[in-house]
Amino acid sequence: MPHTRSTAKARIASFGIAALSVLALSSCNPDNSHSLATSPTAPLISSVDPPAKSVVIDAVGGPSQANNGFDFNGYFGGDATITLPLGWQVTVECKNIGILHHNCAIVNTDTSSPLGGRIQFNAVSNTDPTAGLQPNTSATFTFTASRAGNYRLACVIPGHEDEGMWINLVISPNATLPTFSKVGK
Ligand SMILES: [Cu+2]
């Protein structure tokens, strides 16, 4: 898969203080593997490359006890929102540091319990979405944010989204850069 982090880091220098704090919380090893921050408030947007229209999302499942580990980066139940510009390429680095199996997927906002939303853009970390990632494992997937609308970044293991393991993900034709907000949409 394409790995453009080094160029993204060079370009992100103009992206502002928030981006710099992101870099301070994450690092890349010489083998190109990525050390995710494990703080409950680790930033979800880890790098942005505006010329390439690509963004990397570091989704860390299960770091916080605030919702019994059913969270991403400390957020759950729609209490945070990622907004992405329409048409950008999105890489999701999904890491499970919880006790249970977890995964990452982009789903619609159909909240029919207990299975939750249906996977969109074929964007999911696991071939078998119901199996999930074992604790302390990770997987990466990429998709194009090709349809505007309101979605969720969720864990699609049955029952987990229903427990609150989701945040908002908005694809907007009006957004010029990816943004993160600690509030619901
Ligand atoms: Cu889960």
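None of the figures in this text is laboratory data; all of them are computed from the coordinates on show. As the structure is a computational prediction, the values presented were derived from the model and not from experiment. Methodologically, a virtual Cβ is constructed for each residue, glycine included, from the backbone with ideal geometry; neighbour enumeration extends over all protein chains shown.
Couple of notes before you dig in:
- Within the shell of other residues whose beta carbon sits under 15 angstrom from the beta carbon of residue 66, the net charge comes to -2, with Lys and Arg scored +1 and Asp and Glu -1.
- Net length available on complete extension from residue 66 to residue 147 is 25.9 nm, with 0.36 nm assigned per residue and the Cα-Cα distance removed.
- For the range 46-185: rounded, prolate or oblate by the Cα gyration tensor [a/c cutoff 1.5]: prolate
- Cα centroid separation, the range 168-185 to the range 89-151: 18 Å.
- Each of the peptides 122-132, 103-113 was scored by the mean count of other Cβ atoms within 10 Å over its residues; in descending order, highest first, they stand as 103-113, 122-132.
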